[in-house]
Amino acid sequence: DDDQIAVRQLESSIARDNEGRYTVSWIWREPKITPPSNYRMVYSRLCSTYSSLARSNDLLDKYHQIIIDYLRRGIIEPARKNPAGQEHYLAHHAVITHKVRPVFDASAHPRGQPSLNDCLLRGPVLLPELVGLLLRFRLPKFVAIADLEAAFLMVGLHEEDREVAKFLWLKDPVKPPSTDNIQVYRFARVAFGVICSPYLLAGVIRHHLEKYGTTTATELASSLYVDNLHLGASSPEELIRKCNQAKMIFSEAKMNLREFTSNSPETISAIPVEDRLDKSEVKVLGMQWDIQNDELGFQWPSSQISPNPTRRSVLSTLAGIYDPLGLLCPAVLPAKLFFQQLWDDKHELGHSTCLGGKIRLGEFPPGLASSGDSSTKESPSITR
């Protein structure tokens, strides 16, 4: 069983370095498959990434500064091209949201050869059930949330596994890629984008928390979803104590728990300023949390149902409603009934179908059939 192999390999590889940081090995398939050298392919991808970033000097500089910051923090280290030995490179590209960040692609491979992800096992999923986590978040009177900073990059990688986690960047980002302007780096930490990275992170955290055997450590294990932590208490004093203990426990694993926020002003006041998240509304496992009013909000899909919708467009709109607890079922029921009625007609999935006589647009919940600017629509909310 692949999951049993993954558990055995992780248990045998977990160690701590001189700084107290946990280090692990990749979870290899058995028998072990060696990933090929893919230098030429990754060099070509680097040229594409550079061309995209070079359209904006600001983007290119920010991307370069992230790489330099990784180097300064020991997340990556300089390496050399080693054609004679086992080596493998990760392609990377920029993802731009509210900021630019590099994303590494461990699934890229030369034609007819395996990628790094092909050579590794995913490992079992150790995440708690999302519905249970949200229900537990709603139970206590006082709650706090926090985030593990760059969680994947806080787990070290054994020396012998770093040669298959190399990547290419530029010595001088002002100049385009060339033979003389290539700098080889390799990851000294677990890179996000590798198939077994989520299991390695979750396994290391579970291993660390099991050593404590305290009530708080047990609560942390059941309240952590990847790198998002949720804590609850019946009083601000209890919540402050739990936040302080959580900060201390993760710091001993060289992980930084930060961006604390809470519906308890007393708790926020007790958190150091540098560890606070200064926002009045945040996302909790995909749901909007209005901290001041202590309400959970729902976002209607921004897409509009046209006067002549297709089954596909109606289904797409319905699927865009994020409601893991099923709290919006009564409000969404008219739209689901409408979609059910569409199957009584002989129309293909992508063909337009008439609304006439089936259901009035006003019977849809707000945002599912109304027209106009979706940003002005009022989204429903409930008391947490």
Helix 236-251: inclination vs the chain longest Cα principal axis, degrees, rounded to 10, gives 30
One finds the C-alpha centres of the stretch 114-135 and the stretch 49-103 to be spaced, in Å, by 26
Measuring from the longest principal axis of the C-alpha atoms of the chain, the long axis of helix 329-342 (C-alpha) lies at a number of degrees, nearest 10, equal to 80
Karplus-derived 3J(HN,Hα) from phi for the stretch 124-130 (6.51 cos²θ - 1.76 cosθ + 1.60, θ = phi - 60°), whole Hz, x at Gly and Pro, runs x, 7, 9, 6, x, 5, 4
With Cα coordinates, the longest principal axis of the chain makes an angle with the long axis of helix 57-72, in degrees rounded to 10, of 60
Stretched fully, the stretch from N181 through N244 gains (0.36 nm per residue minus C-alpha distance, one decimal, in nm) 18.0 nm
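Which of the residue pairs K141/K336; K242/K279; K62/K247 have a Cα-Cα distance greater than 25 Å in the structure shown? Spell out each step's value before the answer.
Values: K141/K336 35 Å; K242/K279 21 Å; K62/K247 30 Å.
Table pairs above 25 Å Cα-Cα are K141/K336; K62/K247.
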Mean-square fluctuation maximum in Gaussian network of the chain, Cα pairs under 10 Å, restricted to G132, G297, G112, hits G112
Listed by chain and number, the lysines with an alpha carbon less than 24 angstrom from that of K32, same-chain partners under 8 positions apart left out, are K81, K166
A correct Karplus calculation of ³J(HN,Hα) over the stretch 6-13, with 6.51 cos²θ - 1.76 cosθ + 1.60, θ = phi - 60°, whole Hz and x for Gly and Pro, returns 4, 4, 5, 5, 5, 4, 7, 9
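Of the DSSP beta bridges with both residues in the chain, give the percent that are antiparallel, rounding to the nearest 5.
Numbers: 41 of 46 bridges.
Antiparallel: roughly 90 percent of the beta bridges in the chain.
Every number in this text was worked out from the coordinates using simple rules, so none of it is lab data. All figures in this text were calculated on a predicted structure; none of them were measured in a lab.
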